[in-house]
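Participant: Sharing a structure below in C-alpha cells format, with a few things to ask.
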Amino acid sequence: MRPCDGRLKKSGMTNRKIEYWVIPPEADAQFVAGMEEVLDTYATPYDPARPVLCMDEQPVQLLKETRQPIAATKDHGRRVDYEYERAGTANIFMFTEPLAGWRQVSVRATKTRADWANEMAALLEGRYAACRKVILVCDNLNTHTKGAFYEVFEPSRARELARRLEFRHTPKHGSWLNIAENELSSVTRQCVAGRRLATRPNWRRKPPPGAMKSMAGRRALNGK
C-alpha cells in the first residue's frame, strides 16, 4: 500500500473518485463581464425580428469496421471486433433557437471558416431572411468571425450577412453558458457515443430517431 492510500481509505476516498468539471477562473472580471452579457441576452423577451440563436460544433472521428459485427441474439448482445480502421473525421454543427424551441443539426467534412460561413449564410438567407438582426451566442473561436463571410462570398453579399449578425461570445472557459452545447451533448450521447460511424452522416434535414425523440419532448429552452 502506498503511503497516501491509508489516508484515502480512512476518509472514504479513493484515487478513482475524480469528477471533471469546467471550473471558472476566480476573480476574473473579463469572465464575469462575458457571462453576464450572455445571461442578459437569454433574459431578453422574445423578439421575432431579433431572434437569439445559439450554435456549437464538435468534431467526430469516423471509424470503419474491419470485420463484420455479429448480430445480437436473445443470449448475447451485438458483438463488435475491437479492431477498427480510421476513416477520417466529420464536424457536427448544432443550431438552436431557445425561445422558439427550434433546433437544426448538420454535418460537414471539415471545421473551417468557410464551413461556418456557409452554415450561417443558409440560416440568415433562409429561416431568418425576414429578420433585421440575429443575435448569435457562440464560442469565441477564430472560425466564428464576420470576416469568414468575406473569405467565401462576394463583398456585397458578405456585407449584407455581416450587417445582420450580432455576436454574444461565451467567455473563455465558459462554453457551458451556450445552450447549444447542451443540445449538442444530447445528440452526441444518443447518436454518436458508443457507435462506429464509417461515413459522414446526413443529418441536415433530420437527425437520427433517438435525437428526434429527445427534441420532440422539449419546447422552449430556458437559460436560467
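The values are calculated or read from the model by the stated rules, or taken from the named source; none is laboratory data. As the structure is a prediction and not an experimental result, all values here were calculated from the model. Here Cβ is always computed from backbone atoms with ideal geometry, including for glycine, and neighbour counts include all displayed protein chains.
Participant: Does region 135-174 hold any residues that are among the hydrophobic types (A, V, I, L, M, F, W, C), within 20 Å of Q30 (Cα to Cα) and part of a strand (DSSP E or B), and which are they?
Facilitator: Listed by number, the residues that qualify are L136, V137, C138, F167.
Participant: If you don't mind, another one. Which pairs turn up if I take residues in region 98-116 that are farther than 12 Å from D56 by Cα and look for partners that are surrounded by fewer than 16 Cβ atoms within 10 Å (Cβ to Cβ) and hydrophobic (A, V, I, L, M, F, W, C) with beta carbon separation below 9 Å, at least 6 apart in sequence or on another chain?
Facilitator: Final answer for the pair search is P98/A220; L99/A220; A100/A220; G101/A220; D115/A109.
Participant: Which of the residues belonging to region 99-109 are among the hydrophobic types (A, V, I, L, M, F, W, C) and either surrounded by fewer than 11 Cβ atoms within 10 Å (Cβ to Cβ) or outside any strand (DSSP E or B) (or both)?
Facilitator: Our first condition is that a residue be among the hydrophobic types (A, V, I, L, M, F, W, C); within region 99-109, this holds for 99-100, 102, 105, 107, 109.
Listed by number, the residues that qualify are L99, A100, A109.
Participant: Please go through region 114-134 and give me each residue that is among the hydrophobic types (A, V, I, L, M, F, W, C) and either more than 21 Å from the chain's Cα centre (by Cα) or part of a loop (DSSP other than H, G, I, E, B) (or both), ordered by number. Quick ask: steps written out before the conclusion?
Facilitator: So in region 114-134, the residues among the hydrophobic types (A, V, I, L, M, F, W, C) come out as 114, 116-117, 120-124, 129-131, 134.
Within region 114-134, A129, A130, C131 qualify.
Participant: While we're here: Based on what the data block shows, is E19 at pLDDT below 85, of a type in the set (D, E) and under 24 Å from V187 (Cα atoms)?
Facilitator: Yes; evaluated as a whole, the condition is true for this residue.
Participant: Say whether the condition of being under 19 Å from H173 (Cβ atoms), loosely packed, with under 10 Cβ neighbours inside 10 Å, small (G, A, S) and modelled with pLDDT under 85 is met by at least one residue in region 25-44.
Facilitator: Yes: one or more hits.
Participant: Next up: From the set of residues in region 47-62 that are out of contact with any Lys or Arg (no Cβ under 7 Å at 6 or more places or on another chain) and in a loop (DSSP other than H, G, I, E, B), which is nearest to T143 (Cα to Cα)?
Facilitator: Here the residue is P51.
Residue by residue, here is whether (1) of a type outside the set (S, T, Y); (2) touching an Asp or Glu at 6+ places or on another chain (Cβ under 7 Å); (3) surrounded by fewer than 19 Cβ atoms within 10 Å (Cβ to Cβ) holds:
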site	(1), (2), (3)
T143	no, no, yes
E154	yes, no, yes
R163	yes, no, yes
F167	yes, no, yes
G174	yes, no, no
L177	yes, no, no
N182	yes, no, yes
S185	no, no, yes
G194	yes, no, yes
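Participant: For region 82-111, which residues satisfy the criterion of being touching a helix residue (DSSP H, G or I) at 6+ places or on another chain (Cβ under 6 Å) and either farther than 30 Å from R50 by Cβ or modelled with pLDDT under 80 (or both)?
Facilitator: none
Participant: Related question: Scanning region 45-81 for residues that are at pLDDT 90 or above, hydrophobic (A, V, I, L, M, F, W, C) and under 19 Å from the mean Cα position of the chain (by Cα), which turns out farthest from R189 (Cα to Cα)?
Facilitator: By that ranking, first place goes to V52.
Participant: Output the number of residues of region 187-203 satisfying the condition of being modelled with pLDDT of 75 or more, out of contact with any Ser or Thr (no Cβ under 7 Å at 6 or more places or on another chain) and over 20 Å from T110 (Cα atoms).
Facilitator: Of the residues in that region, 1 qualify.
Participant: Mind listing whichever residues of region 66-98 are hydrophobic (A, V, I, L, M, F, W, C) and buried (at least 16 other Cβ atoms within 10 Å of the Cβ)?
Facilitator: Matches in region 66-98: A87, A90, I92, F93, M94, F95.
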